[in-house]
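The values are calculated or read from the model by the stated rules, or taken from the named source; none is laboratory data. From a predicted model like this one, the values you see are computed outputs, not experimental measurements. Note that we place each Cβ from the backbone using ideal geometry, even for glycine, and neighbour counts take in every protein chain shown.
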Amino acid sequence: MKAGDTVVLRIGDKSYTLPLVVGTEGEVGIDISSLRALSGVITVDEGYGNTGSCQSAITFINGEKGILRYRGYPIEELAERATFVETAYLLIFGELPLPTHLGEFRRLLSENEFIHEDMRHHFEGFPPNAHPMAILSAMINALGAYQPVLLQPEEDEHFIDAAARIMSKVRTVAAASYKKSLGQPMIYPRYDLQYVPNFLHMMFSKPNRPYEPTQEVADALRRVLILHADHEQNCSASTVRMVGSSQANLYASVASGVCALWGPLHGGANQATVNMLQQIHDSDMNVDDFIRQVKDKSAKIRLMGFGHRVYKNYDPRAKILKKACDDLLSKLGIHDPLLDIAKRMEEVALADSYFVERRLYPNVDFYSGIILRAIGIPMNMFPVLFAIGRMPGWIAHWRESHLNPSARIHRPRQIYVGHTERHYIPVNERS
Ligand code: ACO
């Protein structure tokens with residue numbers, strides 16, 4: 001099939017000719033945007049499992065074959081060789097940066113790493129046990145109030161500034177929210193450190209005891225962030241595009257992405273995975289018994305970190321993270337019993353017909369939590385780390401839809417299944 005081909009849809013005794021859309025990797029979609037106008041009929045696709053909400057040039061996934069590429073570059077190559085900052089630049093602007101562009105982007109990241117002193121007072125308003133995702137989304141939205149001139153960046157010159165501000169400050173806010181939860185003073189960023197080590201410094205340094213991240217730790221976190229940087233039209237990226245489609249500003253749009261990411265079926269899954277592994281460990285439960293419970297639908301237990309809407313094969317990110325997990329733990333000399341349980345679980349599940357038939361494999365969350373644990377990141381910060389990693393992807397999606405000349409406000413339709421017309425009855429006459 002090629003661009004220009006059409007498909008004929010028959011509804012009752014009428015036929016409608018609809019155009020096909022063909023992507024650069026041969027994916028084919030039926031453009032039904034004129035269907036309702038032509039026929040009065042809409043399509044229904046609860047959960048959007050079969051709906052292409054846009055055409056996008058950012059990320060390619062082939063879930064059947066386990067392929068993931070950012071702007072054409074295989075995830076394996078980027079995870080092995082790229083920095084997080086150049087990956088972010090690639091996602092947002094479409095090309096790997098030239099040395100001068102990378103230097104300028106790094107300079108902007110460094111210059112924007114402080115948050116406005118007034119913003120520090122916002123932290124005081126949150127209760128001590130506030131979830132850091134609640135703080136993060138609120139603070140990102142509030143950041144917009146401090147840069148009103150950058151709220152609708154139309155030109156790359158302004159846009160790069162806004163993108164760098166958000167990417168840089170999100171890590172400062174994230175580390176500050178962690179410090180607040182500990183009752184420790186916020187640590188200022190260091191101009192001499194690169195993106196990932198700077199974040200680790202703000203997380204773990206104390207005024208009386210500096211923390212110097214090792215190369216192994218910084219490298220493991222670099223990989224985690226790159227692997228989370230984008231994943232095409234997932235729940236949070238679609239949320240960012242949806243919110244941005246109303247012409248909402250970049251800050252408000254990516255703050256909504258943080259909220260969407262918070263749920264346990266999305267960005268909260270790595271935390272849920274470690275919780276699950278910990279419970280199995282603490283209760284001395286046998287892995288085979290746990291898998292039996294998962295298969296018993298009445299128990300309503302899912303194997304967290306397994307299964308994916310798109311991947312019906314091993315998630316390529318999980319493959320990289322499994323090895324990164326082994327490497328990091330052995331370099332740090334850590335023996336984590338949860339890793340043993342996870343590996344045994346994978347072995348049992350992948351040999352079991354329940355998982356084989358449903359094509360359920362480990363996803364990105366299965367091993368990432370164990371890496372974050374080894375680095376010393378507390379569990380309630382796991383989704384925050386995901387959000388820091390995903391920020392370039394959200395920014396790229398906002399920009400792509402914002403620059404699309406044919407973009408319209410996102411407004412799905414529905415099939416109404418409620419009451420048909422009925423009439424108001426005063427309260428004292430109701431039975
Ligand atoms: N454990 C046990 N059974 C599962 C699992 C799982 N983790 N995932 C799917 N299934 C089963 C379902 O019960 C269903 O079985 P059925 O056909 O007998 O009813 C079948 O596999 C299909 O599952 P769906 O829920 O229809 O798959 P969907 O695409 O809607 O959900 C999801 C994908 C949410 C990721 C799901 O696999 C899940 O809940 N996994 C655990 C949570 C998780 O790891 N989330 C992280 C996803 S990756 C990310 O967001 C970064």
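Tabulated results
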{"item": "Any hit, segment 398-410, residues being among the aromatic types (Phe, Trp, Tyr) and either within 13 Å of the ligand (Cβ to nearest atom) or without any contact (Cβ under 8 Å) to a residue 40 or more places away in the chain (or both)", "result": "no"}
{"item": "Elements of type strands (runs of 3 or more DSSP E) in segment 14-86, at least 2 residues being buried (at least 16 other Cβ atoms within 10 Å of the Cβ) and touching a residue at least 24 places away in the same chain (Cβ under 8 Å)", "result": "59-62, 67-70"}
{"item": "Some residue of segment 190-200 being in contact with a Ser or Thr (Cβ under 8 Å, 6 or more places away or on another chain) and either surrounded by fewer than 19 Cβ atoms within 10 Å (Cβ to Cβ) or in a loop (DSSP other than H, G, I, E, B) (or both)", "result": "yes"}
{"item": "Any hit, segment 278-291, residues being near the ligand (Cβ under 10 Å from one of its atoms), under 30 Å from TRP398 (Cβ atoms) and surrounded by 15 or more Cβ atoms within 10 Å (Cβ to Cβ)", "result": "no"}
{"item": "Yes/no for ILE341 being in contact (Cβ under 8 Å) with a residue 40 or more places away in the chain, under 26 Å from SER236 (Cβ atoms), more than 10 Å from the ligand (Cβ to nearest atom) and in contact with a Leu (Cβ under 7 Å, 6 or more places away or on another chain)", "result": "no"}
{"item": "Scan of segment 350-386 for residues that are surrounded by fewer than 22 Cβ atoms within 10 Å (Cβ to Cβ), among the aliphatic types (A, V, I, L, M) and either without any contact (Cβ under 8 Å) to a residue 12 or more places away in the chain or farther than 16 Å from ASN275 by Cβ (or both), ordered by number", "result": "LEU350, ALA351, VAL356, LEU360, ALA374, ILE375"}
{"item": "Failed item, numbered, when LEU225 is tested on (1) modelled with pLDDT under 95; (2) assigned to a helix (DSSP H, G or I)", "result": "(1)"}
{"item": "Lone unmet requirement of (1) more than 23 Å from TYR367 (Cβ to Cβ); (2) assigned to a loop (DSSP other than H, G, I, E, B) for MET285", "result": "(1)"}
{"item": "Among (1) of a type outside the set (A, V, I, L, M); (2) closer than 19 Å to GLU347 by Cβ; (3) more than 10 Å from the ligand (Cβ to nearest atom) - the single one CYS259 does not satisfy", "result": "(2)"}
{"item": "Which listed residue, of SER256, SER236, SER283, is under 11 Å from the mean Cα position of the chain (by Cα) and hydroxyl-bearing (Ser, Thr, Tyr)", "result": "SER236"}
{"item": "Failed item, numbered, when ILE135 is tested on (1) at pLDDT 90 or above; (2) within 24 Å of LEU91 (Cβ to Cβ)", "result": "(2)"}
{"item": "In segment 292-315, the residues that are within 12 Å of the ligand (Cβ to nearest atom), in contact with a Phe, Trp or Tyr (Cβ under 7 Å, 6 or more places away or on another chain) and under 16 Å from PRO362 (Cβ atoms)", "result": "GLY305, PHE306, TYR311, ASP315"}
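Residues are listed down the side, and each one gets a yes or a no for (1) modelled with pLDDT under 90; (2) basic (Lys, Arg); (3) under 25 Å from the mean Cα position of the chain (by Cα):
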position: GLU117; (1), (2), (3): yes, no, no
position: PRO128; (1), (2), (3): yes, no, no
position: LEU143; (1), (2), (3): yes, no, yes
position: ILE187; (1), (2), (3): no, no, no
position: SER205; (1), (2), (3): no, no, no
